[in-house]
């Protein structure tokens, strides 16, 4: 998902120290533009939290599958992956709540930073979920596999 808040992400990654302070344009800071930005930021944070919750459910399903198979290595790997996904989810939820509080108080700068942190948590959850997929030794379709859906009239 692309975000339009490039500057806060750069600051969150520590790149802000390299580029120094930035001048802000005052033409874009009307109350209606801040309200629109707040709505968009809240929607992005909500979507990121939803994505992290889906990653958590998938990691939990992989752990249950590994437990049914009974392989200790797979169970340990899946358990660690689920722990990492859940940690990112908790962190993301906390920062989403801080984002909402910041927008409620009209602090756009803090809210933008929190949005960057929520996006970072979502990326961590996705990476941990993808790594958890590799824990269970299951056959996977080769790349380039084509699935055809044929719907016939009766």
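Could you check region 64-103 and list, in sequence order, the residues that are outside any helix (DSSP H, G or I) and surrounded by 14 or more Cβ atoms within 10 Å (Cβ to Cβ)? Before the answer, list the steps.
Just the residues of region 64-103 that are outside any helix (DSSP H, G or I), to begin with: 70-71.
The answer is 71, and nothing else.
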Which of the numbered conditions does residue 101 fail, given that it passes all the others? Conditions: (1) without any contact (Cβ under 8 Å) to a residue 12 or more places away in the chain; (2) over 16 Å from residue 40 (Cα atoms). (2)
Of the residues 55, 61, only one is touching a helix residue (DSSP H, G or I) at 6+ places or on another chain (Cβ under 8 Å) and either surrounded by fewer than 18 Cβ atoms within 10 Å (Cβ to Cβ) or part of a helix (DSSP H, G or I) (or both); which? 55
Among (1) in a loop (DSSP other than H, G, I, E, B); (2) under 30 Å from residue 34 (Cβ atoms) - the single one residue 147 does not satisfy: (2)
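Quick note: the coordinates plus some simple rules give every number you see, no bench work behind them. For clarity, every value in this text was computed on a predicted model and none was experimentally measured. Methodologically, a virtual Cβ is constructed for each residue, glycine included, from the backbone with ideal geometry; neighbour enumeration extends over all protein chains shown.
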